[in-house]
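The next block holds one structure in the form of structure tokens; read it before the comments.
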Amino acid sequence: MLDARQLEALAAVVEHGGFGPAAKALSLTLAAVSLRIKSLEDTLGQRLLVRGKQVRATPAGQALLGHVKQVRLMESDLLADLQGGAAASGGRGPRWQSLSVAINADSVASWFLPGVAAMLHRHRLLLEIVIDDQDHTHDALKSGDVMGCVTTLAVAMRGCVAEPLGVMRYRCVAAPELVQRCRTPSGAVSPHKLLSQPAVIFNRKDALQDDFLKQHFGLHQPNYPRHFAPAVEAFETAIELGLGWGMVPEQHLLNKPGLEELLPGATVDVVLYWQHWAHEPPSAQRLTAAVKAAARGSLLALS
């Protein structure tokens with residue numbers, strides 16, 4: 001049997017970023033936290049933490065962190081059921097429970113939150129959202145930081161299930177005056193002129209612009225000037241102001257009548273999956289069901 005106190009010490013060190021903050025959070029001495037971690041490592045026969053300026057979990061430590069989060073959720077669900085019974089007898093209602101997820105910003109801003117809001121209210125669930133590029137959100141699930149993620153990774157990670165959600169379609173757009181600067185006298189888009197204009201990119205992990213240039217112009221990792229705007233509203237505002245061209249989800253363009261497509265009909269399709277624990281507590285199961293329903297109502301179906 002794993003020692004619950006040792007597991008909580010491991011989780012606290014990772015969640016609080018070090019042994020000192022973990023000791024403070026657990027109301028223990030630094031030596032006591034270190035001893036619990038060492039005892040757990042001795043029991044399992046392997047290192048669970050990489051110690052340095054920034055403490056991080058090893059793969060074995062990440063697996064244990066996922067286990068700790070599952071146990072916490074199961075205990076929280078059990079308490080919620082017990083408190084719900086008390087509420088029916090005149091006691092207090094069930095307490096709020098917290099779920100952590102990793103999602104790309106475009107999904108959060110368009111279909112995810114509207115799709116799960118009613119379920120969160122109904123079951124008194126709180127979300128801790130980690131924002132990352134859809135090609136990297138699975139890292140947070142792998143590290144044990146979250147219980148589910150919207151990702152482009154189709155292969156289920158260890159202990160997880162990968163369920164297809166649908167396709168998020170992107171179009172390359174810009175302000176009308178910038179579009180004209182990219183065209184030849186005949187009206188065709190000139191790749192040379194396009195690459196002389198800045199692109200607006202969400203962050204340095206965002207590869208949608210490169211995907212567009214590769215798919216539709218055959219250009220591989222070209223150089224071009226770039227603005228970085230890591231917030232959906234700022235990103236789209238920068239494009240509307242004519243600062244550069246960029247890839248915007250098709251759903252968002254309904255509210256952006258002032259933007260024009262650089263290459264009408266040319267799209268970049270991103271297939272999204274919901275990766276989550278294979279064995280979910282009831283609260284996580286409710287979230288999974290809501291996420292899948294929301295995606296069916298908003299994303300394009302897989303062909």
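The values are calculated or read from the model by the stated rules, or taken from the named source; none is laboratory data. Note that the coordinates shown come from a computational prediction; the quantities given were computed from them, not determined experimentally. Cβ placement follows ideal geometry from the backbone for every residue including glycine, while neighbour counts extend to all protein chains displayed.
A few remarks follow.
- Within segment 135-162, the set of residues being part of a strand (DSSP E or B), under 24 Å from SER76 (Cα atoms) and not β-branched (Val, Ile, Thr) comprises GLY148, CYS149, CYS160.
- Single match in ALA207, ALA199 (criterion: over 19 Å from ASP135 (Cα atoms), surrounded by 14 or more Cβ atoms within 10 Å (Cβ to Cβ), among the small types (Gly, Ala, Ser) and assigned by TED's automatic domain parsing to the domain that holds GLY265): ALA199
- Per-region count, segment 119-134, residues free of Cβ contacts under 8 Å to residues at least 60 places away in the same chain and either among the small types (Gly, Ala, Ser) or outside any helix (DSSP H, G or I) (or both): 7
- A residue that is without any contact (Cβ under 8 Å) to a residue 40 or more places away in the chain, closer than 26 Å to TRP96 by Cα and surrounded by fewer than 14 Cβ atoms within 10 Å (Cβ to Cβ) occurs somewhere in segment 25-45.
- Scanning segment 253-297 for residues that are touching a Leu at 6+ places or on another chain (Cβ under 9 Å), modelled with pLDDT under 95 and of a type in the set (S, T, N, Q) yields one hit, SER283.
- Residues that are buried (at least 21 other Cβ atoms within 10 Å of the Cβ) and touching a Gly at 6+ places or on another chain (Cβ under 9 Å) number at least 1 in the following strands (runs of 3 or more DSSP E) confined to segment 212-303: 267-277.
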